[in-house]
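Notes follow the structure.
The values are calculated or read from the model by the stated rules, or taken from the named source; none is laboratory data. Predicted model only: the values in this text are computed from it and were never measured. Heads up, the Cβs are rebuilt from the backbone with ideal geometry, glycines too, and the neighbour counts pull from every protein chain shown. We work out accessible area using only protein heavy atoms, side chains counted, and drop any ligands, DNA or RNA first. Shrake-Rupley method; radii C 1.70, N 1.55, O 1.52, S 1.80 Å.
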Amino acid sequence: MDTMRDDLTTRQRQMLAFIEGFMARHGYAPTDREIAEAFGLASKTGPRKHLAALEAAGYLELVPGVGRGLRLTGGVRAAAGLRLPILGRVAAGMPIGPAHEHDEVLDVDPDLFRTRPDYLLRVKGDSMRDDGILDGDLVAVRQAVTAENGQTVVARIDGEITIKRLHLTRAGIRLLPRNPDYAPIDVPRDADFAIEGLYCGLVRRD
């Protein structure tokens, strides 16, 4: 990415630099309100036209319907690599409630992932064992609100979080474990269900 960024206005360069610095420090993107406060804008929607221009110029991606839904297209590298917050736990078994605040930020090698992740979740359980996802692993997740049939997803069911393979049928949504000791989860039609993210890979620490 050109450090001069001559294709951007002064305000756009300032805003991009703020976002890069924020993500390097915290490991996640700022909200519209945090950007607005940093630039003295009265409304949290004030940064939107600048963010749209940055997206059109190819510097970042805006993810609709996702909190902190900014993604730098070139990636953000800290001195030791990509900085990702560990946001809590995800069940590889029965769904569990996640921790909402990150308690740790981990530097990882960006080259580990074909798709750049946004955060990490700590796995509890072994229902995804046959896909190599083990209890205690850190799974890397890219924020997303949609997924294709057969993808491994982080999903929320009635406020609880699980990681499974997504299987879409005429009858509805089924979440498949990768361990024969566990039964598939058939999502009730009246459940509060949402895709939270796509599985990008994992980090295993000794």
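Details
- Filter pass, Thr115 being at pLDDT below 95, under 18 Å from Pro85 (Cβ atoms), of a type in the set (S, T, N, Q) and surrounded by fewer than 18 Cβ atoms within 10 Å (Cβ to Cβ): yes
- Residue in the stretch 182-192 that is on the phi < 0 side of the Ramachandran plot, modelled with pLDDT under 90, in a strand (DSSP E or B) and of a type outside the set (A, V, I, L, M) present: no
- Every residue from the stretch 42-66 that is modelled with pLDDT of 85 or more, open to solvent by 50 Å² or more (accessible area, probe 1.4 Å) and either over 17 Å from Asp7 (Cβ atoms) or assigned to a strand (DSSP E or B) (or both): Arg48, Glu61
- Flag if Val139 is among the β-branched types (Val, Ile, Thr), more than 18 Å from Glu34 (Cβ to Cβ) and either part of a strand (DSSP E or B) or at pLDDT below 90 (or both): yes
- Test: residue in the stretch 156-171 that is open to solvent by 80 Å² or more (accessible area, probe 1.4 Å), in contact with a Phe, Trp or Tyr (Cβ under 9 Å, 6 or more places away or on another chain) and over 20 Å from Asp126 (Cβ atoms): yes
- Subset of the stretch 186-206 (residues that are without any contact (Cβ under 8 Å) to a residue 40 or more places away in the chain and open to solvent by less than 80 Å² (accessible area, probe 1.4 Å)): Val187, Pro188, Ala191, Phe193
- Residue pairs whose Cβ atoms lie under 6 Å apart, separated by 6 or more positions or on different chains, with the first residue in the stretch 158-171 and among the basic types (Lys, Arg) and the second part of a strand (DSSP E or B), are Lys164/Leu175; Lys164/Leu176; Arg165/Thr152; Arg165/Leu176.
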